[in-house]
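Each remark here refers to the structure printed beneath this line.
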Amino acid sequence: MTLEDLVRLRRARDLMDRDYAMPLDVPALARVALMSPGHFSRSFRAAFGETPYSHLMTRRIERAKALLRRGDLTVTEVCIAVGCTSLGSFSSRFTELIGESPSSYRARRHDEGAPIPACVAKIYTRPVRNGEA
(Lines give C-alpha, C1' and ligand atoms only; values in the text may rest on other atoms or scores of the structure.)
Protein backbone atom coordinates (compact mmCIF):
# COMPACT_ATOMS: atom_id res chain seq x y z
CA MET A 1 0.00 0.00 0.00
CA THR A 2 1.37 3.38 -0.96
CA LEU A 3 1.50 6.55 1.10
CA GLU A 4 -0.97 8.10 -1.35
CA ASP A 5 -3.42 5.21 -0.71
CA LEU A 6 -3.14 5.78 3.04
CA VAL A 7 -3.83 9.49 2.62
CA ARG A 8 -6.97 8.70 0.60
CA LEU A 9 -8.10 6.09 3.12
CA ARG A 10 -7.62 8.59 5.96
CA ARG A 11 -9.71 11.09 4.01
CA ALA A 12 -12.57 8.56 3.87
CA ARG A 13 -12.13 7.64 7.55
CA ASP A 14 -12.18 11.33 8.51
CA LEU A 15 -15.41 11.73 6.54
CA MET A 16 -16.95 8.87 8.55
CA ASP A 17 -15.76 10.41 11.82
CA ARG A 18 -17.13 13.83 10.92
CA ASP A 19 -20.32 12.94 9.01
CA TYR A 20 -21.28 9.70 10.78
CA ALA A 21 -24.98 10.69 10.79
CA MET A 22 -25.10 11.03 7.00
CA PRO A 23 -26.11 8.11 4.79
CA LEU A 24 -22.66 6.71 4.02
CA ASP A 25 -22.03 3.46 2.18
CA VAL A 26 -18.95 1.77 0.76
CA PRO A 27 -19.41 3.05 -2.81
CA ALA A 28 -19.68 6.66 -1.57
CA LEU A 29 -16.64 6.27 0.69
CA ALA A 30 -14.70 4.57 -2.12
CA ARG A 31 -15.37 7.58 -4.35
CA VAL A 32 -13.87 9.85 -1.67
CA ALA A 33 -10.79 7.61 -1.59
CA LEU A 34 -10.69 7.42 -5.42
CA MET A 35 -10.86 3.61 -5.33
CA SER A 36 -13.23 0.90 -6.46
CA PRO A 37 -15.57 -0.29 -3.67
CA GLY A 38 -13.90 -3.70 -3.41
CA HIS A 39 -10.38 -2.30 -3.35
CA PHE A 40 -11.44 0.35 -0.83
CA SER A 41 -12.94 -2.23 1.56
CA ARG A 42 -9.89 -4.49 1.40
CA SER A 43 -7.45 -1.59 1.75
CA PHE A 44 -9.38 0.00 4.62
CA ARG A 45 -9.37 -3.26 6.56
CA ALA A 46 -5.67 -3.79 5.89
CA ALA A 47 -4.81 -0.24 6.98
CA PHE A 48 -7.08 0.14 10.02
CA GLY A 49 -7.83 -3.43 11.13
CA GLU A 50 -11.61 -3.14 10.72
CA THR A 51 -14.14 -2.83 7.93
CA PRO A 52 -15.50 0.56 6.91
CA TYR A 53 -18.94 -0.46 8.21
CA SER A 54 -17.52 -1.47 11.59
CA HIS A 55 -15.67 1.84 11.90
CA LEU A 56 -18.77 3.84 11.00
CA MET A 57 -20.99 1.91 13.42
CA THR A 58 -18.46 2.40 16.22
CA ARG A 59 -18.62 6.16 15.66
CA ARG A 60 -22.41 6.06 15.62
CA ILE A 61 -22.58 4.02 18.82
CA GLU A 62 -20.10 6.36 20.55
CA ARG A 63 -22.34 9.32 19.71
CA ALA A 64 -25.47 7.37 20.65
CA LYS A 65 -24.03 6.69 24.10
CA ALA A 66 -23.54 10.41 24.67
CA LEU A 67 -27.07 11.22 23.52
CA LEU A 68 -28.58 8.43 25.63
CA ARG A 69 -26.70 9.64 28.73
CA ARG A 70 -28.38 13.03 28.34
CA GLY A 71 -31.73 11.29 28.76
CA ASP A 72 -33.85 13.81 26.84
CA LEU A 73 -34.20 11.74 23.65
CA THR A 74 -35.92 8.42 23.10
CA VAL A 75 -33.95 5.46 21.76
CA THR A 76 -35.70 5.90 18.40
CA GLU A 77 -34.74 9.59 18.25
CA VAL A 78 -31.13 8.71 19.08
CA CYS A 79 -31.12 6.00 16.42
CA ILE A 80 -32.21 8.51 13.79
CA ALA A 81 -29.90 11.26 15.10
CA VAL A 82 -26.80 9.11 14.64
CA GLY A 83 -27.73 8.08 11.10
CA CYS A 84 -29.13 4.60 11.58
CA THR A 85 -32.22 3.76 9.56
CA SER A 86 -33.24 0.57 11.35
CA LEU A 87 -34.06 0.61 15.05
CA GLY A 88 -33.61 -3.16 15.21
CA SER A 89 -30.14 -3.09 13.65
CA PHE A 90 -29.14 -0.15 15.83
CA SER A 91 -30.32 -1.88 19.02
CA SER A 92 -28.63 -5.14 18.07
CA ARG A 93 -25.32 -3.48 17.27
CA PHE A 94 -25.49 -1.29 20.39
CA THR A 95 -26.15 -4.33 22.57
CA GLU A 96 -23.34 -6.28 20.88
CA LEU A 97 -20.78 -3.49 21.41
CA ILE A 98 -21.88 -2.14 24.80
CA GLY A 99 -23.25 -5.26 26.47
CA GLU A 100 -26.67 -3.82 27.28
CA SER A 101 -29.62 -2.55 25.30
CA PRO A 102 -29.94 1.15 24.45
CA SER A 103 -33.02 1.35 26.71
CA SER A 104 -31.15 -0.13 29.67
CA TYR A 105 -28.16 2.13 29.02
CA ARG A 106 -30.42 5.19 28.88
CA ALA A 107 -32.29 4.21 32.07
CA ARG A 108 -29.31 3.73 34.36
CA ARG A 109 -27.39 6.45 36.17
CA HIS A 110 -24.38 7.98 34.45
CA ASP A 111 -23.26 10.54 37.00
CA GLU A 112 -20.41 8.37 38.36
CA GLY A 113 -18.16 9.60 35.54
CA ALA A 114 -19.20 13.26 35.75
CA PRO A 115 -15.87 14.54 37.19
CA ILE A 116 -13.86 12.80 34.45
CA PRO A 117 -12.90 15.08 31.51
CA ALA A 118 -14.71 14.19 28.28
CA CYS A 119 -11.45 13.53 26.41
CA VAL A 120 -10.47 10.88 28.97
CA ALA A 121 -13.98 9.42 29.26
CA LYS A 122 -14.09 8.93 25.48
CA ILE A 123 -11.09 6.60 25.65
CA TYR A 124 -12.62 4.45 28.38
CA THR A 125 -16.16 4.41 27.03
CA ARG A 126 -15.27 3.57 23.43
CA PRO A 127 -17.24 0.52 22.28
CA VAL A 128 -15.20 -2.69 22.19
CA ARG A 129 -15.64 -4.77 19.05
CA ASN A 130 -15.38 -8.54 18.96
CA GLY A 131 -11.81 -9.73 19.34
CA GLU A 132 -10.53 -6.60 21.08
CA ALA A 133 -11.52 -7.57 24.61
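Tabulated results
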{"item": "Convex hull of segment 16-81 built on C-alpha atoms - directionally averaged projected area, nm²", "result": "4.6"}
{"item": "Fraction of accessible area attributable to carbon and sulfur, segment 1-94 (%, probe 1.4 Å)", "result": "56"}
{"item": "Protein-only accessible surface order, largest first, of HIS39, HIS110, HIS55 at 1.4 Å", "result": "HIS39, HIS110, HIS55"}
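The values are calculated or read from the model by the stated rules, or taken from the named source; none is laboratory data. The structure displayed is predicted, hence computed values, not measured ones. Note: accessible area is taken over every heavy atom of the protein model, side chains too, but ligands, DNA and RNA are not part of it. Shrake-Rupley method; radii C 1.70, N 1.55, O 1.52, S 1.80 Å.
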